[in-house]
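Remarks on the structure that follows.
Readers should treat all values here as calculations from the given coordinates under stated rules, not as data from a laboratory. For clarity, every value in this text was computed on a predicted model and none was experimentally measured. Cβ: placed from backbone, ideal geometry, glycine included. Neighbour counts: every protein chain shown.
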């Protein structure tokens, strides 16, 4: 079995990490591991830019489950945390 931890401190813009990965990059890593058809337990992980952590976890979960999700984050009680973009995929920038 494989245990894959998707620690989001590697995302672009994270306060601690400096790898500058995109949310799609994280999803690609999950898809790569999933292709082996080995029982896998996927875990979320750390991240220090709190509004990007749920974006990444939601996208990775959708990839693992084989479900396409829209880029736009639907209106909900927590929408203010995703302002002003309200999107899953954020631009990647050099830190």
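Sorted ascending by nearby beta carbons within 10 Å, beginning with the fewest, 9, 77 become 77, 9. Here the residues 72, 85, ranked from fewest to most Cβ neighbours within 10 Å of their Cβ, fall in the order 72, 85.
Neighbour counts of other Cβ atoms within 10 Å put 28, 12 in the fewest-to-most order 28, 12.
Reported to two decimal places, what Rg/Rh ratio describes the chain when computed on Cα atoms with Rh from the Kirkwood expression? Across the chain, the Cα-based Rg/Rh ratio is 0.97. Structure remark: mean-square fluctuation, Gaussian network model of the chain, C-alpha springs under 10 Å; the largest value among 58, 29, 83 belongs to 83.
Computed log10 I(q)/I(0) for the range 49-95 at 0.32 Å⁻¹: -1.30, from the Debye equation with unit scatterers placed on every C-alpha and solvent omitted.
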